[in-house]
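Notes follow the structure.
Since every read-out is calculated from the coordinates, none of them should be taken as a lab result. For clarity, every value in this text was computed on a predicted model and none was experimentally measured. FYI the Cβ positions are ideal-geometry reconstructions off the backbone, even for glycines, and counts take in every protein chain you see.
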Amino acid sequence: MKILLSSLLLFLAVTKISSAQKSDPAKLKAEVVSPTQAKLSWAGDMNDENYQLEVKAKNETLWSIYTVNAPSTNRRINNLKPSTTYEWRVMSIGKTKRDNSAYAHGEIFTTYSDCLAPQAISLQSGGIDYINIEWEENGSVKYSVRIRQKETEDWTVFSTTQNKIRIENLNSYTEYEVQVNSFCKESDLQGSMYSESNYFSTISFLSQDFDRVSYTDSSLNSNSINAQLINVLGQVVDDIHQ
């Protein structure tokens with residue numbers, strides 16, 4: 001009897017330790033790919049066997065359920081509705097219900113609308129700390145312009161109802177990346193997919209940054225001169241024709 005009791009206590013202790021060591025999925029991330037697609041990912045445990053992923057529109061009650069076999073920890077979800085906000089959650093599944101983790105909830109995400117991104121984007125550098133951006137008018141009620149320093153992660157987003165914008169307070173001697181999207185309707189929760197990236201570099205006009213002036217005669221028989229003002233980075237900041 002004493003042996004049976006000891007064995008039972010040992011079994012319960014091992015079961016409790018095993019259950020306590022079961023970790024929930026972590027580092028949940030949602031990446032909207034298109035108006036109807038999103039890629040959902042998370043970090044799991046090396047001992048996980050598979051995962052139960054659940055997704056639903058925020059204003060609905062029923063979850064769509066997907067099974068993801070470990071060691072895979074991501075799933076692309078198709079057939080989503082454009083400009084719709086979704087909730088999602090995931091848990092790891094064990095051999096028995098006792099081995100299942102708790103649900104880990106990801107941040108809500110909103111799919112892109114199905115309108116077209118702006119075309120023919122034009123960048124006109126203002127020089128020291130600003131940029132003028134224009135694009136073709138496509139009938140949208142507003143546009144979203146996002147900008148970041150090249151090869152960085154965080155975007156700064158601006159909104160405008162016109163097909164142009166002036167962005168100020170930029171850093172000189174810096175490369176930037178710009179994208180633009182459209183909001184076709186006032187009811188759109190999210191804009192269109194963003195345009196392809198456009199890049200530009202700011203140029204300083206401070207006098208101490210000038211490195212040299214190069215010039216050439218435009219003609220042997222003419223008194224006119226073509227000159228270029230060049231900064232320390234080798235950028236041409238001004239063309240002079242006299």
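The 3J(HN,Hα) values that the Karplus relation (6.51, -1.76, 1.60; θ = phi - 60°) gives for the range 85-96 are, in residue order, 8, 10, 10, 8, 8, 8, 9, 8, 10, x, 5, 10 Hz. Gly and Pro appear as x. Using 0.36 nm per residue and subtracting the Cα-Cα separation, the extra length available between ASN47 and ASN169 on full extension is 38.9 nm. Share of pairwise Cα-Cα distances greater than 19 Å in the range 122-201 is 33 percent (whole percent).
Between the beta carbons of SER23 and TYR66, assuming R0 = 22 Å, the FRET efficiency works out to 0.60 to the nearest 0.05. Remark: the ASN59-PHE158 segment gains 32.8 nm on full extension, using 0.36 nm per residue and subtracting the alpha carbon distance. In order along the range 170-180, the phi-based Karplus estimate (6.51 cos²θ - 1.76 cosθ + 1.60, θ = phi - 60°) of 3J(HN,Hα) comes to 7, 7, 6, 6, 10, 8, 10, 10, 10, 9, 9 Hz; Gly and Pro are listed as x.
The mean sequence distance of close C-alpha pairs (under 8 Å, at least 6 residues apart), as a share of the length of the range 94-157, puts its relative contact order at 18 percent. Report, ordered by chain and residue number, the aspartates and glutamates lying within cross-link reach of LYS97, taken as a straight Cα distance under 16 Å and ignoring same-chain residues fewer than 8 apart. Within the straight-line limit of under 16 Å, LYS97 reaches these aspartates and glutamates: ASP24, ASP48, GLU49.
Between ASN79 and LYS95, the simple spin-label model (points 7 angstrom out along Cα→Cβ) gives 3.5 nm. The amide H of ASN50, built 1.01 Å from its N in the peptide plane, has ALA70, ILE93 as neighbours under 5 Å, considering only residues 5 or more places off or on other chains. Residues in the range 147-155 carry Karplus couplings, in order, of 9, 8, 5, 4, 6, 10, 9, 7, 9 Hz; the curve used is 6.51 cos²θ - 1.76 cosθ + 1.60 with θ = phi - 60°, and Gly or Pro positions show x.
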